[in-house]
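Only one structure is covered here, and it is reproduced in the block below.
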Amino acid sequence: MTPALRILIFALVMAVFPLVPGLPRFWIVLADNVGLAALVAMGLVLLTGVGGLTSFGQAAFCGFGAYTTALLSTSYGLSPWLTLPLSLLVSGGAAVLLGLITVRLSGHYLPLGTIAWGLSLYYVFSKIALLGRNDGISSIPPLAIGGFQLLDIGRIYYAIWIAVFVAAILTLNLLDSRTGRAIRALRRGHVAAEAFGVSTARAKLFVFIYAAVLAGLSGWLYAHFQRAVNPTPFGVDAGIEYLFVAVVGGAGYVWGAVLGAAIVIILKYVLQDAVPALFQTHMQLETDVIDRDQAVRRPGRGQ
Amino acid sequence: MDSTIFLFLLQDGITSGAIYALLGLALVLVFAVTRVILIPQGEFVTFGALTFAALSAGKVPGTVGLLVMMGAIACGFELFAMRRVFSPRRLLRALAGYIVLPLVIAGSTVALAPRRYGIGVDVVLTLALVAPLGPYLYRIAFQPMAQASVLTLLIAAVGAHLALLGYSLIVFGAEGLRGPALTTLSAAVGPLTITGQSLSVYVVTIILIIALRIFFERSLYGKALRATAVNRIGARLSGIRTSLSGQIAFLLAAAIGAISGILLAPITTTYYDTGFLIGLKGFIAAIIGGLASYPITALAALLVGFVEAMSSFYASNFKEVIVFTLIVPVLMARSLASPAAEDEPD
């Protein structure tokens, strides 16, 4: 079986998945979340798994994407499709600025740096009045094609998963290209790569921006899926979780991002049911943790 | 701003700076000896503060369960490591350190806590409950992978941080607690009121710094730790058990964390996740010191405390933003100064 055929079969399976009769709707929500996390993790696969640059701050780039579209589509009434390129531009632009500072950092200073600006940006999101401080921005319009609104979780599912497949194919092709070979050379040390004429600083910056744009895309989808944004899902905790997703899936594999996202997100929901049973006396506290997560992950509207 | 406000802010900055200094020193110590960037340092602060607060309210703190549990897991690791080469001495040592000791501490806490003997007993119990968590954490999470790269150890540290944070939420809940002040004395100096609590912060910090200095310069264990920091293989060849050095470093870090927690408990309300941010501010200081220099770390911690106090006056909303952005130029300078560190084998 050629790789292209395998991708096609996987795409077909994912396409019919929400159509299975009797499938609990909650499973579709899970699949939506898996797709969103997989997009971010795919960027991390390239950045961390292939390029060897560890970032705990990817969630902040989701934040840039999500807040850009949230602000423009509510306060300025722009169509979500117009805000898509702007969201990607803002997260990419933020990555250029942060990347110029951050990717120069060497060894373990890099992850520490990403933790630091990840925290800073979380506080920036939660303190700016224009972005609604801790309450965030709500009543974000849903995606719509003509008059056909992607309100339903089963419809936005297709938007999310088309994005996942497009991103995966782009990423695979990128890795096979000249630039991709330069990125793959980063991990094994700089001297050899430089000797073959790779500008490692440029390759690092490129992969950093690419990962941020994928995260921004995930943020843009998230904003229109959730139809509300607040700072919580863009903090360092979420950033750590994305790295975890990428590592669980096998940090060097593009499809590992999808696998890792599926494992982590499904496991989280299974454990949420199982763990309170273990800690019966602390049931309330457990649900607090879960609520915090679900409040941001599970769509409250549009079902 | 007039000079009175400035003095207030300065005092505030020095008080928090002193605590960041303690944490920063612990981080440098742990990194030097084990190459672990100890993200869970903040959790030791949380545990210290909440344990102290619970004890002074006459309750049995949740750290009792954690201590016994982590001791048991560590003992399991030790037994597993002994599956090929059995040594009765090592077995006894493991049972004494990982099973008997936590049970004794837990037992005495349960017996003493409701009687409320006073602050002195509470402080001792808090230290006894929190400090052993350090070596247990090292035994469980880091000793099996002591040879891994700094990055791998960092990721393990983040995992340990999340696990301890989750435990902290389960046993302490989402409510914040405040502990009693060590002393309620206060003195007026000009326009300032210097509280006994902030004085005790200064005194404890200075004493600990001197004690650490003496420990490293004079004692055999301190010298063994320094040797491990300089060269692990060399230290082993000279008969130093590097795993013991790691455990001692973690013991010191957990004890320093617990002391910082006790000092902080009356100053600010502690929640289950408060320690993380405080620990990270210690980090900023440690990183300014290059994760290597103790004096620069201590000075940088004072600077962090001062910047924090000033920014809480001028731009209180952006206090955290300013403090955490402080690290970026430092990291850049560090990174540019030592580009040789880039090629870490993996």
Failed condition for A:LEU78, given (1) in a helix (DSSP H, G or I); (2) touching a Ser or Thr at 6+ places or on another chain (Cβ under 9 Å); (3) within 20 Å of A:SER218 (Cβ to Cβ):
(1)
Given (1) free of Cβ contacts under 8 Å to residues at least 60 places away in the same chain; (2) in a helix (DSSP H, G or I); (3) within 14 Å of chain B (Cβ to nearest Cβ), index of the condition A:LEU105 fails
(2)
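Check whether at least one residue in segment A:151-171 is polar (S, T, N, Q) and in contact (Cβ under 8 Å) with a residue 60 or more places away in the chain, and report yes or no. Lay out the reasoning, then the answer.
To start, the set of residues in segment A:151-171 that are polar (S, T, N, Q) comprises A:171.
Next cut, in contact (Cβ under 8 Å) with a residue 60 or more places away in the chain only: A:171.
Yes, segment A:151-171 has at least one match.
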Lone unmet requirement of (1) modelled with pLDDT under 85; (2) in a helix (DSSP H, G or I); (3) among the aliphatic types (A, V, I, L, M) for A:ILE266:
(1)
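Which residues, taken from segment A:31-85, are aromatic (Phe, Trp, Tyr) and crowded, with 24+ Cβ neighbours inside 10 Å?
Result: A:PHE56, A:PHE61, A:PHE64, A:TYR67.
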Considering (1) more than 14 Å from every other protein chain (Cβ to nearest Cβ); (2) hydrophobic (A, V, I, L, M, F, W, C); (3) without any contact (Cβ under 8 Å) to a residue 60 or more places away in the chain, say which one B:LEU264 fails and leave the rest.
(3)
Within segment B:281-298, track down each residue that is out of contact with any Leu (no Cβ under 7 Å at 6 or more places or on another chain), in a helix (DSSP H, G or I) and either at positive phi or in contact (Cβ under 8 Å) with a residue 60 or more places away in the chain (or both).
B:LYS281, B:ALA285
Residue hits (segment B:34-93; surrounded by fewer than 16 Cβ atoms within 10 Å (Cβ to Cβ) and not in a helix (DSSP H, G or I)) are B:ALA57, B:GLY58, B:LYS59, B:MET82, B:ARG83, B:ARG84, B:VAL85, B:PHE86, B:SER87
In segment A:172-205, what count of residues is obtained for those that are away from chain B (no Cβ under 14 Å), assigned to a helix (DSSP H, G or I) and surrounded by fewer than 21 Cβ atoms within 10 Å (Cβ to Cβ)?
11
Scanning segment A:117-142 for residues that are more than 14 Å from every other protein chain (Cβ to nearest Cβ) and crowded, with 21+ Cβ neighbours inside 10 Å, which turns out farthest from A:SER55 (Cα to Cα)?
A:ILE140
Looking at segment A:243-264 only, could you name the residues that are crowded, with 23+ Cβ neighbours inside 10 Å and within 12 Å of chain B (Cβ to nearest Cβ)?
A:LEU243, A:ALA246
Scan segment B:108-118 and give yes if some residue there is farther than 23 Å from B:VAL45 by Cα, more than 14 Å from every other protein chain (Cβ to nearest Cβ), charged (D, E, K, R) and assigned to a helix (DSSP H, G or I), otherwise no.
yes
Criterion violated by B:LEU95 - all others in (1) in contact (Cβ under 8 Å) with a residue 12 or more places away in the chain; (2) within 22 Å of B:LEU182 (Cβ to Cβ); (3) more than 17 Å from the chain's Cα centre (by Cα) satisfied
(2)
So how many residues does segment A:1-30 have that are in a helix (DSSP H, G or I), small (Gly, Ala, Ser) and exposed (fewer than 14 other Cβ atoms within 10 Å of the Cβ)?
1
Scanning segment B:164-179 residue by residue, those crowded, with 22+ Cβ neighbours inside 10 Å and either touching a Gly at 6+ places or on another chain (Cβ under 8 Å) or assigned to a helix (DSSP H, G or I) (or both) turn out to be B:LEU164, B:SER168, B:PHE172
Segment B:182-214: number of residues that are assigned to a loop (DSSP other than H, G, I, E, B), touching a residue at least 24 places away in the same chain (Cβ under 8 Å) and surrounded by fewer than 18 Cβ atoms within 10 Å (Cβ to Cβ)
2
Among the residues of segment B:313-329, what is the count of those that are more than 8 Å from chain A (Cβ to nearest Cβ), in a helix (DSSP H, G or I) and in contact (Cβ under 8 Å) with a residue 24 or more places away in the chain?
2
Has segment A:249-266 got any residue that is over 15 Å from A:ALA163 (Cβ atoms) and without any contact (Cβ under 8 Å) to a residue 24 or more places away in the chain?
yes
Any chance A:LEU97 is more than 9 Å from chain B (Cβ to nearest Cβ) and without any contact (Cβ under 8 Å) to a residue 12 or more places away in the chain:
yes
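So, in segment A:239-260, how many residues would count as being part of a helix (DSSP H, G or I) and in contact with a Phe, Trp or Tyr (Cβ under 9 Å, 6 or more places away or on another chain)?
7
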Limited to segment B:134-163, what total is found for residues that are away from chain A (no Cβ under 14 Å), in a helix (DSSP H, G or I) and free of Cβ contacts under 8 Å to residues at least 60 places away in the same chain?
2
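The values are calculated or read from the model by the stated rules, or taken from the named source; none is laboratory data. Fair warning: this is a prediction, and the values are worked out from it, not measured in the lab. We place every Cβ from the backbone using ideal geometry, glycine too, and count neighbours over all the protein chains shown.
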